[in-house]
Amino acid sequence: AQSVTQPDIHITVSEGASLELRCNYSYGATPYLFWYVQSPGQGLQLLLKYFSGDTLVQGIKGFEAEFKRSQSSFNLRKPSVHWSDAAEYFCALGPGGGNKLTFGTGTQLKVEL
Amino acid sequence: GAGVSQSPSNKVTEKGKDVELRCDPISGHTALYWYRQRLGQGLEFLIYFQGNSAPDKSGLPSDRFSAERTGESVSTLTIQRTQQEDSAVYLCASSLLDGYEQYFGPGTRLTVT
């Protein structure tokens, strides 16, 4: 069975500091991986996705993620966090074909000014 | 263009009552998904509609849950005889036929008292 693990439930960083959110997956084939962000009262917004090819993917709002097959990881990074980045971040795994996603439990990011 | 919309945004109901949640997908999106997000947890897949194919109902937690979709437009998720454990945010998403990117609505927060 496929699964996604986000080991950090809460993370606090200072504005301007770098950020890395961890995501590990379990899947028997080539995964399709996604990072979504959810602000309070909002739906989920796609930050970036990995299907194949270059293992470093760029997304919106200055985020990037690196797919590491050997570590079954797809960590999200940002060089300099802004206060507006405070939100909940979800990593998700999809099978080929683009249907249902398996989500991690999320990481709540707090940004200190 | 318009995104995915859901109504109502909030619903409070008494245990044992039936509720109906509505989702309007993005125009032209043939795939539609329902997910449930319990407090402090990730999203759980409930049901998936793709064009005229039979829906994938593998995520529905019990026979109290059902969903319908009219063609490639509106979908309704019905929960009969609601229980307190049904309290959650119900999210709807849509995507293109062969697209992998799911666009999410803002969700319906259901509270069963």
Those residues of region A:2-34 which are farther than 27 Å from residue A:53 by Cβ and of a type in the set (Val, Ile, Thr), in sequence order
A:9, A:11, A:12, A:13
Assuming residue A:80 fulfils every condition listed in (1) of a type in the set (S, T, N, Q); (2) in contact (Cβ under 8 Å) with a residue 24 or more places away in the chain; (3) part of a loop (DSSP other than H, G, I, E, B); (4) surrounded by 16 or more Cβ atoms within 10 Å (Cβ to Cβ) apart from one, which condition is it?
(4)
Looking only at residues in region A:83-106 that are part of a strand (DSSP E or B) and open to solvent by less than 30 Å² (accessible area, probe 1.4 Å), which one is modelled with the lowest pLDDT?
A:94
State yes or no: is residue A:55 of a type in the set (Val, Ile, Thr) and either open to solvent by less than 70 Å² (accessible area, probe 1.4 Å) or modelled with pLDDT under 95 (or both)?
yes
Name every residue in region A:15-39 that is open to solvent by 40 Å² or more (accessible area, probe 1.4 Å), under 14 Å from residue A:105 (Cα atoms) and out of contact with any helix residue (DSSP H, G or I) (no Cβ under 9 Å at 6 or more places or on another chain), in order of residue number.
A:22
Kindly list, by first and then second residue, each pair from a residue in region A:37-55 that is assigned to a strand (DSSP E or B) to a residue that is among the acidic types (Asp, Glu) and open to solvent by 20 Å² or more (accessible area, probe 1.4 Å), limited to pairs with Cβ atoms under 8 Å and residues at least 6 apart or on different chains.
A:37/A:88; A:38/A:88; A:46/B:101; A:48/A:64; A:49/B:101
Conditions first: (1) within 14 Å of chain B (Cβ to nearest Cβ); (2) open to solvent by 20 Å² or more (accessible area, probe 1.4 Å); (3) modelled with pLDDT of 95 or more. Residue A:42 passes all but one, so which condition is the exception?
(3)
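The values are calculated or read from the model by the stated rules, or taken from the named source; none is laboratory data. Just so you know, these numbers come straight off a predicted model, no measurement behind them. Please note: Cβ atoms are built from the backbone with ideal geometry, for glycine as well, and neighbour counts cover all protein chains shown. Only protein heavy atoms, including side chains, enter the accessible area calculation; ligands, DNA and RNA are left aside. Shrake-Rupley method; radii C 1.70, N 1.55, O 1.52, S 1.80 Å.
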